[in-house]
Amino acid sequence: EKVEGKTIDLSRNKSVVIGNLLEDSLIRKYESENMNLCSRQDTEYHKQYKFLSANLDGIAVSNGYSKEEFFDEKNIVEIKTASCFNKDEWGESGSQIVPKQYYAQVAHYMLVTGINRADIFVGFIDDKIIGEILCELNRVIENIEHAPNFSEIVNNIETRLYTFHRDEEIEGLILEAG
């Protein structure tokens, strides 16, 4: 991670570790709740401005039919975990009230990819959930053949979904600042 031009190692940060552990299970829950398949992505680059890149958690594709034709609609999926203590920074599911750094992140991702829609799917974590994660990791340590399974933990946490659409004015500001 780069913060104010300095590289910072966040690999041992508790919040980052928990987010990484739960990301795949949260993606599966997102897929289940939204009837979309989500594919993991490598780094994406802007077609014209190659210095602009995005590390997406995934792209979801929903299929459908209109009267005229079959269509595939893509949207960016950004997975977040947040402390239950920070819930007041997040609006109700379906609103567009999220911490501003996450809005800036998905606006940047939409600019880079040209995809018109982005979903932020957040799972709220408390100390009880952290204890359950540690118990699951201990089971893996005791039985090397046992892969960690966080799906049941994730199925029992509160999640919220926020959807955003491309905004040309915001994209102009991003390009001006870059």
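Please determine, in degrees from 0 to 90 and to the nearest 10, the orientation of helix 100-113 with respect to the longest principal axis defined by the Cα atoms of the chain, where the helix direction is its Cα long axis. For 100-113 against the chain, the angle is about 60 degrees. Taking region 91-130 on its own, what percent of its Cα-Cα pair distances exceed 15 Å? Tail of the P(r) past 15 Å holds 51 percent of the pairs.
Just the protein heavy atoms count here, and of the accessible area of region 32-154 at 1.4 Å, carbon and sulfur take up 51 percent. The angle between the Cα long axis of helix 127-142 and the main principal axis of the chain comes to about 70°, on a 0 to 90 degree scale. Note on LYS74: aspartates and glutamates with a C-alpha under 20 Å away, same-chain residues under 8 apart excluded, are GLU23, ASP24, GLU31, GLU33, ASP42, GLU44, ASP57, ASP119, ASP167, GLU168, GLU171. Taking each of LYS80/LYS128; LYS14/LYS50; LYS47/LYS80; LYS29/LYS50; LYS6/LYS50 in turn, the alpha-carbon distance tops 29 angstrom for LYS14/LYS50; LYS29/LYS50. Label-to-label distance for PHE85 and LYS47 is 4.6 nm, based on points extended 7 Å past Cα in the beta-carbon direction. With contacts taken as Cα pairs under 8 Å and at least 6 residues apart, region 5-61 reaches a relative contact order of 25 percent.
Using every pair of separate Cα atoms, the Kirkwood estimate puts the hydrodynamic radius of region 64-178 at 16.8 angstrom. Residues in the chain average 65 Å² of solvent-accessible surface per residue, probe 1.4 Å, ligands and nucleic acids excluded. Inter-label distance, ASN20 to ILE8: 1.6 nm, where each label sits 7 Å from its Cα along the C-beta direction. Here the chain carries DSSP beta bridges of which approximately 75% are antiparallel, counting only pairs with both residues inside. Using the Cβ-Cβ distance between ALA147 and ASN116 with R0 = 25 Å, the FRET efficiency computed as 1/(1 + (r/R0)^6) comes to roughly 0.10. From its DSSP helices (H runs of at least four residues, each -39,500 (n - 2.57)), the chain gives a residue-normalised ellipticity at 222 nm of -12000 deg cm²/dmol.
Can you figure out the FRET efficiency of VAL140 with SER62, using R₀ = 41 Å and their beta-carbon distance, to the nearest 0.05? Mind showing how you got there, number by number?
Details: r = 34 Å, r/R0 = 0.83.
FRET efficiency, VAL140 to SER62: 0.75.
Compute the separation of the alpha-carbon centres of region 89-109 and region 114-132 and state it in Å as a whole number. Cα centres, region 89-109 to region 114-132: 12 Å.
The values are calculated or read from the model by the stated rules, or taken from the named source; none is laboratory data. None of these values were measured; they are calculated from a predicted model. All Cβ positions, even for glycine, are placed from backbone atoms using ideal geometry, and neighbour counts span all protein chains on display. Remember, those area values only see protein heavy atoms, side chains included, never the ligands or the DNA or RNA. Shrake-Rupley method; radii C 1.70, N 1.55, O 1.52, S 1.80 Å.
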